[in-house]
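Just so it is clear, none of the values below were taken in a lab; they were calculated from the coordinates. Fair warning: this is a prediction, and the values are worked out from it, not measured in the lab. For neighbour counting, all protein chains shown are included, and Cβ atoms are generated from backbone atoms with ideal geometry for every residue, glycine included.
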Amino acid sequence: MFLMMKNAMMTVCAAALLGGCVTPIGGGKEAGNVVRGNTLSPKALLFGDYLAASYANNIGDAHERARYYTHAFSLKPQDLTLGRRAMVSSLTAGETEQAHDLAIQVRKLNEHDGLSRAILGAHALSKSEYNEALLYLGGVGDGSGLDDINALIRGWVQVGLGQQDTALETFTQLVGGQYFELMGDLQKAKLYAELGDVEAADKIFTEFDEFGISPIESVLSQVRFHMARGEKDEALTRLDVYAARYGGALTGPVRLYMDTINAGEQISTELSPAQSASRALTEPALDFYARQKQFEAAEMFLRLALELDPENDKARLFLGSVLEDVDRKQDALNLYMRIPADSPYTVSARLSEANLMFEKDENDAAIKTLESVHASHPSRITQDALGRAYLILADYEQALPYYEALIAEMSDEELAQNPQPRYLRGICLERLDRWQEAVEEFEYVLEHQPENADALNYLGYTWVDKGVELTKAFDMIRLAVELDPNSGAIVDSLGWAHYKLGQYEDALVQLENAVERSPSSATIVDHLGDVYWKLGRIREAGYQWRRARDLDPTEKELKEIKAKLESGLSASESVE
């Protein structure tokens, strides 16, 4: 009882700190500074702001975190650490003007501070104020790991000043390891292309492509280079090579470039220094920082990229992905929705929107979004997205036509290399009781991918459930377990196979392992209840069935579970 009261008190205090439901503690313009008639000391106000900012950070409220840290810094303006936290919080909340104001104050405390220099330099570059930008970005850094980021921006500032040779030297001097050296090389190749130095640009582009880093940015840069020189065929060749290497260009900027050039239309071949700097920040933000789970750094640089070029939808898409990673789903959704229908990234944006809508159980809105983008930008990607959406919603009649159409569009060679659409069509057919047709699909998949654990499991499990081909089914499921021993669904299949053969002790071992791997699967928990019943462990069986009932089972499973809870295992057979 004491613990419950203590937790409730903590919750109320936290809510009061964030919402100011009685007396706001810092952060507001009209902070009352009084609690129960006592005036708070400046130290108490500072502590309240700091505590509220920390709590806001824990619950993912970026705007409140920025508000409280900023107010705390105003109470202690000589505290460099607090100033940096306020500056970072404002930037990651998307409040760039506030971040700029804070950067001015932080730089006064430490003129070498890397992030404040980046913020101020990017802000000046976005307004083409090259001399001011260079003032912020030049000189010695603070060794905080931001020197390379600032150098990427500074190089394009120097281009804006007409100091191309100095910019090339800047891009050569990146020292953050091989990745940043390559990023510097990419900027040099772009600059050589702008200067008309064909040999130097081609040499770097060729070497860069061998590493496979930022391939889209590289190929688009090469295409702009060749189109600016009137070399349409060479531009298309570069795009075709990219499409062949990366499985086709179904959507996105590469597809847009291909379609535009083939239609005889022009593409924009020139980027401003600010736009080039924006792209220079976009790539490492995702490919380097986000991949290493340094999400705050990734978000900061993507925010700066968007300040440099508000139309950089690639940065906006990447930023949405980072926000999803830190569980700021609504902020991510808002970003995706800002990517317009005519953007080359619209398909990716709409798919990301739909995924978030499904997570919020806004299924109708998600389906509508997918249908809309499929109508405006039809492709195999949008067909597959709709098929998978209906599969997840267990609407197999709606899902099947999308896979029928997708398979019809693919050549025999493509299907042999990627039989996944036939696997998914098999699931639809099996669920629609078109069993023999489904078997043909699964066997096709296994003919071309004999170690496809999902297909082995699905076909093996279904055979076991139907009581046919048991020896073959056992071999398939055992192989699937070897291939993917951490899959609860696959381990469950092995347990269920033992169950069907009356090998209840063996079934128990596998089903308990399966539940440990997938504790929220209604099907697996239900199976464990069944084996407990067979072993005479009636109370444990009831406990597992009740758990399964509350884990969102299918309509059919729910009927069977309710029958078992009322009358035991045999009762479920009457509702099958």
Discussion item. Taking the alpha-carbon distance from residue 188 and a cut-off under 16 Å, which lysines remain once sequence neighbours fewer than 8 residues away in the same chain are dropped?
Written reply: 203
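What shape does region 342-431 have by the C-alpha gyration tensor, where a ≥ b ≥ c are the square roots of the eigenvalues, rounded means a/c under 1.5, and otherwise prolate means a/b greater than b/c and oblate the rest?
oblate
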Worksheet item: To the nearest 0.05, what FRET efficiency results for residue 539 and residue 338 with a Förster distance of 60 Å applied to their C-beta separation?
Response: 0.65
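How high is the FRET efficiency from residue 371 to residue 41, r the C-beta distance, R0 51 Å, rounded to 0.05?
Numbers: r = 60 Å, r/R0 = 1.17.
That pair, residue 371 with residue 41, gives E of 0.30.
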Discussion item. Please give the Cα centre distance for region 213-272 versus region 350-408, rounded to the nearest Å.
Written reply: 28
Worksheet item: In straight Cα distance, which aspartates and glutamates are under 13 Å from residue 232, not counting same-chain residues fewer than 8 positions off?
Response: 240, 259, 265
Worksheet entry | Members of 314/368; 534/564; 466/556; 314/360; 329/360; 500/564 lying beyond 20 Å, as alpha-carbon distances in this model show | 314/368; 314/360
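Do any chymotrypsin sites (Phe, Trp or Tyr not before Pro) in region 174-270 lie in a loop, going by DSSP, with at most 15 other beta-carbon atoms within 10 Å of their beta carbon, and if so which?
246
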Fill in: Gyration tensor (alpha-carbon) shape descriptor, region 275-385, a/c threshold 1.5
prolate
Worksheet item: Where in region 189-213 does the amide nitrogen come within less than 18 Å of the point 7 Å from the Cα of residue 166, taken along Cα to Cβ?
Response: 191-192
Practice prompt. Write down the Å³ per residue value for the convex hull defined by the alpha carbon atoms of region 437-576.
Written response: 105
Discussion item. So for the chain, averaging the separation of alpha carbon pairs under 8 Å that are six or more residues apart and normalising by length, what relative contact order in percent results?
Written reply: 5
Worksheet item: Dipole magnitude of region 72-161 about its Cα centre, charges +1 at Lys/Arg Cβ and -1 at Asp/Glu Cβ only, in debye to the nearest 20?
Response: 100
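Give, in nm to one decimal, the length gained when the segment between residue 135 and residue 410 is fully stretched (0.36 nm per residue of separation minus the Cα-Cα distance).
Working: separation 275, 0.36 × 275 = 99.00 nm, distance 5.62 nm.
Separation in residues times 0.36 nm, less the Cα-Cα distance, equals 93.4 nm.
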Worksheet item: Hey, what number do you get for the chain at 222 nm if only DSSP H runs of n ≥ 4 count, each worth -39500 (n - 2.57), divided across all residues, to the nearest 500?
Response: -23000 deg cm²/dmol
Worksheet item: Once both labels are modelled 7 Å past Cα along the beta-carbon direction, what's the residue 520-residue 110 spacing in nm?
Response: 4.0
Item to complete: Restrict the search to region 167-204; then list the trypsin sites (Lys or Arg not before Pro) that DSSP places in a loop and that have at most 14 other Cβ atoms within 10 Å of their Cβ.
Response: none
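Going by how many other beta carbons lie within 10 Å of each one, how would you line up 525, 241, 326, 88, fewest first?
Sorted ascending by nearby Cβ count, the order is 241, 326, 88, 525.
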Discussion item. Expected output is a single nm value to one decimal: the length gained when fully extending between residue 250 and residue 512, i.e. 0.36 nm times separation in residues minus the C-alpha distance. What is it?
Written reply: 90.0 nm
Worksheet entry | Dipole in debye (nearest 20) - the chain, about Cα centre, beta carbon charges: Lys, Arg +1; Asp, Glu -1 | 2500
Worksheet item: Given 0.36 nm per residue, what is the gain on full extension from residue 268 to residue 432 after removing their alpha carbon distance, in nm?
Response: 54.0 nm
Worksheet entry | FRET efficiency, residue 234 to residue 388 (Cβ-Cβ, R0 35 Å, nearest 0.05) | 0.40
Item to complete: Assign one of three labels to the chain, namely rounded, prolate or oblate, based on the Cα gyration tensor with a ≥ b ≥ c the square roots of its eigenvalues; rounded applies when a/c is under 1.5, prolate when it is not and a/b is larger than b/c, and oblate otherwise.
Response: oblate
Worksheet entry | For region 299-363, convex hull volume per residue from C-alpha positions, Å³ | 70
Worksheet item: Across every pair of different alpha-carbon atoms, what Kirkwood hydrodynamic radius in Å does region 69-147 reach?
Response: 12.4
